[in-house]
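To start, the structure under review is shown below, and the notes come after it.
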Amino acid sequence: MAQAKHDEKPTGSAGRSLGSQEARSPTGTGRPTGLDTGRLEELRREWEEGPLQKSLARGERKPLFLTPSELPVKGLYTPADVADLDYERDLGFPGQYPFTRGIQPNMYRGRAWSIRQYAGFGTAEESNKRFKFLLEHGQPGLSVAFDLPTQMGMDSDDRRAEGEVGQVGVAIDSLADMEVLFDGIPLSEVSTSMTINAPAPVLAAMYIVVAEKQGATPEQVNATTQNDVLKEYVARGTFIYPPVPSLRLAADLIAHCARHHPRFNAISLSGYHMREAGSTAVQEIAFSFANACAYIDATLERGISVDEFAGRLSWIFNTHIDFFEEIAKYRALRRMWARLMRERYGAEKPGSLSLRTHTQTGGSLLTAQQPENNIVRAALQALSAVLGGVQSMALSCYDEALAIPTEKAQQIAVRTQQIIAEEIGVTDTVDPLAGSYYVEHLTNELERLAWLELEKIESEIGGAVRAIETGYYQSRIAEQSYKFERQVESGERVVVGVNKYRTEDEPPTDFFRVDNRALEQAQVEKLGALRARRDNEAAQSALAGLRAAAEDGKSDLMPPILEAVRAYASLGEICGVMREVFGEYRAPAIV
């Protein structure tokens, strides 16, 4: 049989070109430049009735293939699945609207994402040592985990904090602790992300004052507070006040940073925790965008134009287990956000239209059984996040299902990212999976379904706050979480080492332990010593000023919070004043 020449036109079974006659290149090369969908459909039917039918006679692994978001997955994707895709409208070029292909023109060819492992435990002294360890091993920025009492705005000597001090993060009671936490770490050079929500304005104030004391200018303070308290009512539960005053506090911090600290990301809008609680990728997008609209609207009411602060809105999303769905999710997120900001809010600056996101691999996907498998899971999730185009990343460590990660586990997580960045070639070109029929189809589907969900929240339910108050978010996530667990229990969804390929008599894994009794006693003693040596008259005066501002319902709360922090009022005292004014929120029962 004669070998085909390289310049011969591709033909189907009937010898006809896949490109229509009208779509042929005008250059005369004979190569098709268009898509004859009718011919493609004919070829597909021939394939389905021939080779595919023979394979199907042997059966397939599952009767139905679905992504975790329940999007059906076909056995084959072709140009027909993306026939409506318009390159200029839907993809564009990296660094340009609609940012589907990335927010920087050359993406990781210029600079890799920031490695930002989540860390913090025990006292400020212990966490300071861990931070320095991570910086010495190549991590360029920090990500702070706070203990539960700190997240709830309680001091370590609060009776409700007993047994929780320093257990899931670092205990921070006052400016004095924050000074120790960053001792020897120049905040004019190192960027820091702080996972804190209800008391975020207080912790942000502490960080700003420490940076000032180190000699940093307001323009040099480069940090992020999560400050996304609305998702706390939905997914985590570390809220303090009712939604309306919580939204007020969050917007005050956003406005303050827009005016005074141009490199401070005052909010990191989070889809991560809703995904951890059980949401689908579609819900993760729609719910977090609905929350974002609430924050934007509240900040606009403070007289800040959208282009003054939108460029400093940052995000954190969960990189879940379905490789291609997660890649498509990040591409859909960027495109959807660009359109939302331009069309709804009239934003014009490219930074206002660009969705910059941190990601962490899914903690809820970690298994206590065969925990070393988590190293592989995290590596594959990290790879999908990179192919999706994220800006910074943390890997959930392999032993994190058991306790606070060990230094060894943190080092493996950092090295995993470094291998992806520097060894395997995926950072050498921008958005390498663009044009994949499957990835582009998934991108379109995720965006389409997320727009429908967002429209429902805003038009039928009344927006994010109302969706929280009615329990809409919570009930939808609970349904999905229950469904996922049933799939794992039935074996429909395989979790290696848990419901398949189990190891009997598996030896226990060593994990990190904290001596809580000694730690808690030391932290309580430090707080008592602080109260004894500070200027208590100044502290009480500052707290009185905060109370007056909170009670009038309109004042910017950041100036009095900063004054109280500088006077070494404790976190519990500052949040306690606002508790008395705003009240404490009790979540409704979800049925």
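For region 279-308, what are the residues that are under 16 Å from Thr319 (Cβ atoms) and more than 11 Å from the chain's Cα centre (by Cα)?
If the condition is that a residue be under 16 Å from Thr319 (Cβ atoms) and more than 11 Å from the chain's Cα centre (by Cα), then Ser279, Thr280, Ala281, Val282, Gln283 are the ones that fit.
Would you mind telling me which numbered condition in (1) within 20 Å of the chain's Cα centre (by Cα); (2) at pLDDT 95 or above; (3) assigned to a helix (DSSP H, G or I) Asp431 fails?
(3)
(1) within 25 Å of Ala171 (Cβ to Cβ); (2) not in a helix (DSSP H, G or I): which one isn't true of Lys231, the others all being true?
Going through (1) within 25 Å of Ala171 (Cβ to Cβ); (2) not in a helix (DSSP H, G or I) one by one, Lys231 breaks only (2).
Do you know which residues across region 209-254 are of a type in the set (Lys, Arg), under 19 Å from Ser314 (Cα atoms) and either open to solvent by 10 Å² or more (accessible area, probe 1.4 Å) or free of Cβ contacts under 8 Å to residues at least 40 places away in the same chain (or both)?
Of everything in region 209-254, just one residue is of a type in the set (Lys, Arg), under 19 Å from Ser314 (Cα atoms) and either open to solvent by 10 Å² or more (accessible area, probe 1.4 Å) or free of Cβ contacts under 8 Å to residues at least 40 places away in the same chain (or both), namely Arg248.
Just checking, does region 443-451 include any residue being open to solvent by less than 30 Å² (accessible area, probe 1.4 Å), in contact (Cβ under 8 Å) with a residue 12 or more places away in the chain, farther than 30 Å from Gly110 by Cβ and not aliphatic (A, V, I, L, M)?
As a first pass, look at region 443-451 and keep what is open to solvent by less than 30 Å² (accessible area, probe 1.4 Å): 443, 446-447, 450.
When the remaining residues are screened for being in contact (Cβ under 8 Å) with a residue 12 or more places away in the chain, the result is 443, 446-447, 450.
If we keep only those that are farther than 30 Å from Gly110 by Cβ too, we end up with none.
No, region 443-451 contains no residue that is open to solvent by less than 30 Å² (accessible area, probe 1.4 Å), in contact (Cβ under 8 Å) with a residue 12 or more places away in the chain, farther than 30 Å from Gly110 by Cβ and not aliphatic (A, V, I, L, M).
Can you name every residue in region 270-288 that is surrounded by 24 or more Cβ atoms within 10 Å (Cβ to Cβ) and hydrophobic (A, V, I, L, M, F, W, C)?
Of everything in region 270-288, those that are surrounded by 24 or more Cβ atoms within 10 Å (Cβ to Cβ) and hydrophobic (A, V, I, L, M, F, W, C) turn out to be Met274, Ala281, Val282, Ile285, Ala286, Phe287.
Can you go through Val426, Val514, Val439 and tell me which one is open to solvent by less than 60 Å² (accessible area, probe 1.4 Å), among the aliphatic types (A, V, I, L, M) and modelled with pLDDT under 95?
Val514
Taking the stated definitions as given, is Ala294 of a type in the set (A, V, I, L, M) and open to solvent by 10 Å² or more (accessible area, probe 1.4 Å)? Talk me through it step by step, then tell me what you get.
Working: of a type in the set (A, V, I, L, M): yes; open to solvent by 10 Å² or more (accessible area, probe 1.4 Å): yes.
Yes; evaluated as a whole, the condition is true for this residue.
Among the candidates Gln139, Gln167, single out the residue that is touching a strand residue (DSSP E or B) at 6+ places or on another chain (Cβ under 6 Å) and not small (Gly, Ala, Ser).
Only one candidate passes the filter, namely Gln139.
What residue, among those in region 89-146 that are of a type outside the set (Gly, Ala, Ser) and part of a strand (DSSP E or B), is most open to solvent (accessible area, probe 1.4 Å)?
Looking only at region 89-146, we keep the residues that are of a type outside the set (Gly, Ala, Ser), and these are 89-91, 93-94, 96-101, 103-109, 111, 113, 115-118, 121, 123, 125-126, 128-137, 139-140, 142, 144, 146.
Retained after the next criterion (residues that are part of a strand (DSSP E or B)): 115, 118, 142, 144, 146.
Values: Ile115: 16, Tyr118: 61, Leu142: 1, Val144: 0, Phe146: 1 Å².
Checked region 89-146; the qualifying residue most open to solvent (accessible area, probe 1.4 Å) is Tyr118.
Considering each of Glu458, Glu447 in turn, give the residue that is farther than 28 Å from Ser114 by Cα and at pLDDT 95 or above.
Matching residue, one of Glu458, Glu447: Glu458.
If you scan region 260-281, which residues turn out to be β-branched (Val, Ile, Thr) and under 14 Å from Ser364 (Cα atoms)?
Residue satisfying the conditions is Thr280 alone.
Based on what the data block shows, is Arg335 more than 15 Å from the chain's Cα centre (by Cα) and surrounded by fewer than 17 Cβ atoms within 10 Å (Cβ to Cβ)?
Here the answer is no, as Arg335 does not meet what is asked.
Just to be sure before I move on: is Ala198 assigned to a loop (DSSP other than H, G, I, E, B), farther than 19 Å from Ser314 by Cβ and of a type in the set (A, V, I, L, M) in the structure I sent?
No; evaluated as a whole, the condition is false for this residue.
Would you mention how many residues in region 461-499 are under 25 Å from Gln369 (Cβ atoms) and outside any helix (DSSP H, G or I)?
Total meeting the criteria: 9.
State all residues of region 554-564 that are within 29 Å of the chain's Cα centre (by Cα) and either within 18 Å of Pro149 (Cα to Cα) or open to solvent by less than 10 Å² (accessible area, probe 1.4 Å) (or both); if no residue qualifies, say none.
Leu557, Met558, Ile561 - these are the residues of region 554-564 that are within 29 Å of the chain's Cα centre (by Cα) and either within 18 Å of Pro149 (Cα to Cα) or open to solvent by less than 10 Å² (accessible area, probe 1.4 Å) (or both).
Residue pairs, Cβ under 6 Å, 6 or more apart or interchain, first in region 573-591 and at pLDDT 95 or above, second of a type outside the set (Asp, Glu) and open to solvent by 40 Å² or more (accessible area, probe 1.4 Å). List them.
Within 6 Å, the pairs are Val577/Arg547.
I'm trying to understand the selection: among the residues of region 338-384, which are among the basic types (Lys, Arg) and either part of a helix (DSSP H, G or I) or touching a Phe, Trp or Tyr at 6+ places or on another chain (Cβ under 6 Å) (or both)?
Within region 338-384, the first condition is being among the basic types (Lys, Arg), and the residues that meet it are 339, 342, 344, 349, 356, 377.
Result: Arg339, Arg342, Arg377.
Show the residue pairs meeting these rules: Cβ distance below 7 Å; 6+ apart or different chains; first residue within region 265-278 and part of a loop (DSSP other than H, G, I, E, B); second residue open to solvent by 10 Å² or more (accessible area, probe 1.4 Å) and of a type in the set (Phe, Trp, Tyr).
Correct list of pairs: Gly278/Phe484.
Of the residues Gln139, Gln117, only one is modelled with pLDDT under 90 and touching a Cys at 6+ places or on another chain (Cβ under 9 Å); which? Break it down into steps so the answer makes sense when it comes.
Values: Gln139 fails: touching a Cys at 6+ places or on another chain (Cβ under 9 Å).
Unique residue meeting the criteria: Gln117.
Output the residues belonging to region 147-189 that are closer than 22 Å to Glu407 by Cα, in a helix (DSSP H, G or I) and open to solvent by 10 Å² or more (accessible area, probe 1.4 Å).
Leu148, Val180
Select from region 57-77 the residues that are open to solvent by less than 70 Å² (accessible area, probe 1.4 Å) and either under 30 Å from Met274 (Cα atoms) or assigned to a helix (DSSP H, G or I) (or both) and list them in ascending order.
Answer for region 57-77, where residues must be open to solvent by less than 70 Å² (accessible area, probe 1.4 Å) and either under 30 Å from Met274 (Cα atoms) or assigned to a helix (DSSP H, G or I) (or both): Phe65, Leu66, Thr67, Pro68, Ser69, Leu71, Val73.
From the list Arg248, Arg335, pick out the single residue that is more than 27 Å from Asn222 (Cβ to Cβ) and part of a helix (DSSP H, G or I).
Every option except Arg335 fails the conditions.
Collect the residues in region 539-583 that are of a type in the set (Phe, Trp, Tyr) and outside any helix (DSSP H, G or I), keeping them in residue-number order.
Across region 539-583, the qualifying residue is only Tyr568.
When region 344-379 is examined, which residues are found to be closer than 19 Å to Glu284 by Cβ and open to solvent by 40 Å² or more (accessible area, probe 1.4 Å)?
Result: Arg356, Ser364.
Report, by residue number, each residue of region 406-415 that is open to solvent by 10 Å² or more (accessible area, probe 1.4 Å), touching a residue at least 24 places away in the same chain (Cβ under 8 Å) and either within 12 Å of Ile375 (Cβ to Cβ) or of a type in the set (Gly, Ala, Ser) (or both).
Once the filter is applied, which keeps residues that are open to solvent by 10 Å² or more (accessible area, probe 1.4 Å), touching a residue at least 24 places away in the same chain (Cβ under 8 Å) and either within 12 Å of Ile375 (Cβ to Cβ) or of a type in the set (Gly, Ala, Ser) (or both), region 406-415 yields Gln411, Ile412.
Does Gln523 satisfy the criteria of being polar (S, T, N, Q), without any contact (Cβ under 8 Å) to a residue 24 or more places away in the chain and outside any loop (DSSP other than H, G, I, E, B)?
Criteria not met by Gln523.
Only one residue in Val495, Val577 is more than 19 Å from Val229 (Cβ to Cβ) and buried (at least 16 other Cβ atoms within 10 Å of the Cβ). Which one? Walk me through how you get there before you give the answer.
Numbers: Val577 fails: more than 19 Å from Val229 (Cβ to Cβ).
Only one candidate qualifies: Val495.
Do you know which residues across region 385-405 are surrounded by fewer than 24 Cβ atoms within 10 Å (Cβ to Cβ) and in a helix (DSSP H, G or I)?
Correct list: Leu387 only.
The values are calculated or read from the model by the stated rules, or taken from the named source; none is laboratory data. No experiment lies behind these values; they were computed from the predicted model shown. Cβ: placed from backbone, ideal geometry, glycine included. Neighbour counts: every protein chain shown. The accessibility values were calculated without ligands, DNA or RNA, using every heavy atom of the protein model including side chains. Shrake-Rupley method; radii C 1.70, N 1.55, O 1.52, S 1.80 Å.
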